[in-house]
Protein chains: 2
Amino acid sequence: MISKNDIKLIRSLSQKKFRDETGLFVAEGDKIVDEALHSKFEVVNVYRKDEIGEDAMSRVTNLSSPSPSLALIKKPSLPSESDIEKIISTKPLALALDSLRDPGNVGTIIRLADWFGIDVIFASHDTVDIFNPKVVQATMGAIFRIKFIYCDLDTVIDSFNSLRMKIYGTFLDGDTIYNKDLDSSGLIIMGSESNGISDAIASKITDRLFIPPYPLGAETSESLNVAIATAITCSEFRRR
Amino acid sequence: MISKNDIKLIRSLSQKKFRDETGLFVAEGDKIVDEALHSKFEVVNVYRKDEIGEDAMSRVTNLSSPSPSLALIKKPSLPSESDIEKIISTKPLALALDSLRDPGNVGTIIRLADWFGIDVIFASHDTVDIFNPKVVQATMGAIFRIKFIYCDLDTVIDSFNSLRMKIYGTFLDGDTIYNKDLDSSGLIIMGSESNGISDAIASKITDRLFIPPYPLGAETSESLNVAIATAITCSEFRRR
């Protein structure tokens, strides 16, 4: 069974305001719900279509057709500054997202980062909320394995820098990524869909990378989608 | 100015049925409209917000906010069987999409294929219509440069095979792509979001590829998004 109040609550969670107020978010689909149940996240409740009925499910779903299952999940607590310093001190290979706004792109990036063993993603405060249902769905469950940290990117960059790790970013005038020596730790910055990496952050990048079109100098698309560029970059860092 | 009939026509083109009936499709945004005007496609009309007004534009747009410009464009004529044979006889590196349904994925794949100089994309008849507005937008203009051919994939595979070109596909039990010799011509088959490559087509693949997670054997996402897998695969074929 599902109460009217539960339906109202779940529907409200498509808005960030109510996710922030309640500290809850929603994940849909058997696979993602199953991953939530086997994760460190606290699952408050699971609703299944064969228990609450197709009608109730279609009222709470964020998808075009009602899912077989939906979980109500607690957002994890935010890491403190000392938590962040601790993470950086392990010298990870990490991603940093500079003002990414598209939920599908961010969800896809979380999924591929998980694939490539990049367990930490930093993001500027104006990056889309990862508990947005569209992000959660696009991660296909990877959201429950990755550390995703909203922060001041400047501070994080300085911390990586002070530990002598490199700061990488992709630019149209960078060095061809295929020929670069890429370290096994460092920070890879990905810029926003419309504006790329912001100037203030670009000035702190130590290694400018470029994914060349084929053939070099061909008249092609002006750029690659940010999730696509992230995928190729992560693959290059991890290929042996 | 824009007439009531034009508004009705443009709105109808969000549906495949009406795109097929009229032979027209829509592209939005200054960049894409500009690319259409400089392409071989026949642009029937361009509507600009500062000419027809914000109100009219918001009635015809497929986007969340009205674009500065929108073009009404003729769909190109379908290639004949002999056209297709001719294209294959040039021994290209080509993609083949097996039942891809997500417009964003297909649009993103067209954009990245263009970047990597892969000028021909074959697709099974049940792949999403590329003149769907969501596909057109995601290509960012690459749709005007790429040959996209709906066809029977079986026949195309046989043609590549008879010219002794390889048929590539990605599988979870394939050979690590980083260590494979990849030819500069051939057919790369990408499977559907939910089911992967269909069995009938999988049996015709000569070279099974695998994008390994890092570290190998790690507990990660079960798979990569199909546009992401396509990007890494194309990058590997083109990297020098």
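The values are calculated or read from the model by the stated rules, or taken from the named source; none is laboratory data. Bear in mind the structure is a predicted one, so any value in this text is a computation, not a measurement. Cβ coordinates were reconstructed from backbone atoms using ideal geometry, including for glycine residues, and neighbour counts include every protein chain displayed. Surface accessibility is based on the protein's heavy atoms, side chains included, excluding ligands, DNA and RNA. Shrake-Rupley method; radii C 1.70, N 1.55, O 1.52, S 1.80 Å.
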Charge dipole magnitude, Cβ of K and R +1, D and E -1 - the range B:30-184, Cα centre, debye nearest 20: 300
message: Sort B:21-31, B:215-225 by the packing proxy (mean of other Cβ within 10 Å over each peptide's residues), most packed first.
response: B:21-31, B:215-225
Residue mean of other protein chain beta carbons inside 10 Å, A:140-147: 2
message: Check which residues have an amide H placed less than 5 Å from A:Asp175's amide H, if you skip close sequence neighbours.
response: A:Arg208, A:Leu209, A:Phe210
Acute angle (nearest 10 degrees) that the helix A:226-238 long axis makes with the longest principal axis of chain A, alpha-carbon atoms: 60
message: Rounded, prolate or oblate, given the Cα gyration tensor of the protein assembly as shown, with a/c below 1.5 counting as rounded?
response: rounded
query: Once both labels are modelled 7 Å past Cα along the beta-carbon direction, what's the A:Arg59-A:Asp158 spacing in nm?
result: 5.2
message: How many Å² of accessible surface get buried when B and A come together, counting both sides, probe radius 1.4 Å, rounded to the nearest 100?
response: 3300
query: Per-residue mean of other chain beta-carbon atoms within 10 angstrom of the beta-carbon, peptide B:216-226?
result: 6
field: Amide proton proximity set for B:Asn45, modelled H, under 5 Å, gap of 5+
entry: B:Leu72
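So what's the back-of-envelope 222 nm ellipticity for chain B, counting only DSSP H runs of four-plus at -39500 (n - 2.57) apiece and dividing by all residues, rounded to 500?
-10500 deg cm²/dmol
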task: Only bridges with both residues in chain B count here: give the DSSP antiparallel percent, nearest 5.
output: 35
message: Can you list the copy-to-copy distances for A:His38, using a point 7 angstrom from Cα toward Cβ, in nanometres, shortest first?
response: 5.0
task: Please get the size of the charge dipole for the range A:1-121, origin at its Cα centre, with Cβ charges of +1 on Lys and Arg and -1 on Asp and Glu, quoted in debye to the nearest 20.
output: 300
message: Along the charge dipole of the range B:138-240, pointing to its positive end and built from +1/-1 on Cβ of Lys, Arg, Asp and Glu, which listed residue (B:Pro212, B:Ile157, B:Ser198) has its Cα farthest out?
response: B:Ile157
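So how much slack lies between B:Asn195 and B:Lys134, counting 0.36 nm per residue of separation and subtracting their Cα-Cα distance, in nm?
Details: separation 61, 0.36 × 61 = 21.96 nm, distance 2.21 nm.
Contour length minus the Cα-Cα distance gives 19.7 nm.
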task: Work out from phi, with θ = phi - 60° and the Karplus expression 6.51 cos²θ - 1.76 cosθ + 1.60, the ³J(HN,Hα) of each residue of the range A:201-207, listed in order in whole Hz, and give x for Gly and Pro.
output: 7, 4, 5, 9, 7, 8, 10
field: Average other protein chain Cβ within 10 Å of Cβ, residues A:115-124
entry: 3
- prompt: So how compact is the range A:81-238: Cα radius of gyration and Dmax in angstrom?
  reply: 14.7, 48
message: Quick check on the range A:133-177: take the gyration tensor over C-alpha atoms, sort the square-rooted eigenvalues as a ≥ b ≥ c, and tell me if it's rounded (a/c under 1.5), prolate or oblate.
response: oblate
- prompt: B:Phe171 versus A:Lys166, label points 7 Å from Cα toward the beta carbon: distance in nm?
  reply: 3.6
statement: Given backbone amide H placed at 1.01 Å from N, residues whose amide H is under 5 Å from that of B:Leu93, ignoring those fewer than 5 places away on the same chain, are B:Gly186
query: According to the square roots a ≥ b ≥ c of the eigenvalues of the Cα gyration tensor, what is the shape class of the range B:200-240, taking rounded for a/c under 1.5, prolate for a/b larger than b/c otherwise, and oblate for the remainder?
result: oblate
Cβ-derived FRET efficiency at R0 41 Å, A:Ala202 paired with B:Glu219, nearest 0.05: 0.70
field: Rg/Rh for the range B:1-64, where both radii come from Cα atoms and Rh is the Kirkwood radius
entry: 0.94
query: Once both labels are modelled 7 Å past Cα along the beta-carbon direction, what's the B:Val43-A:Asp30 spacing in nm?
result: 4.9
With Cα atoms, 0 to 90° folded angle of helix B:103-115 axis to chain B main axis: 70
- request: Place a +1 charge on the Cβ of each Lys and Arg in the protein assembly as shown and a -1 charge on the Cβ of each Asp and Glu, then give the dipole magnitude about the Cα centre in debye, rounded to the nearest 20.
  value: 220
query: Taking a label point 7 Å from Cα toward Cβ, how far is A:Ser185 from its twins in the other copies, in nm, shortest first?
result: 4.9
task: May I ask for the Kirkwood hydrodynamic radius of the range B:156-240, worked out over all distinct Cα pairs and given in angstroms to one decimal?
output: 13.5
task: For the range A:77-82, just list the computed ³J(HN,Hα) in residue order, Karplus coefficients 6.51, -1.76 and 1.60, θ = phi - 60°, integers in Hz, with x standing in for Gly and Pro.
output: 6, 6, x, 7, 4, 6
message: Can you compute log10 of I(q)/I(0) for the range B:1-143 with the Debye formula, treating each Cα as one identical point scatterer, at q = 0.09, 0.14, 0.18 Å⁻¹?
response: -0.29, -0.68, -1.08
- request: Please determine, in degrees from 0 to 90 and to the nearest 10, the orientation of helix B:153-162 with respect to the longest principal axis defined by the Cα atoms of chain B, where the helix direction is its Cα long axis.
  value: 50
- prompt: Counting Lys +1, Arg +1, Asp -1, Glu -1, what net charge surrounds B:Arg59 among other residues with beta carbon under 14 Å of its beta carbon?
  reply: 0
task: Go through the range B:181-196 residue by residue and turn each phi into a ³J(HN,Hα) via Karplus (6.51, -1.76, 1.60, θ = phi - 60°); whole Hz please, and just put x for glycine and proline.
output: 7, 10, 6, 8, 9, x, 10, 9, 9, 10, x, 5, 4, 9, 10, x
field: Gain on full stretching of the segment that runs from A:Arg240 to A:Glu81 - 0.36 nm per residue minus C-alpha separation
entry: 53.8 nm
query: Which lysines have a Cα less than 23 Å from the Cα of A:Lys17, not counting those fewer than 8 places away in the same chain?
result: A:Lys4, A:Lys8, A:Lys74, A:Lys75, A:Lys134, A:Lys147
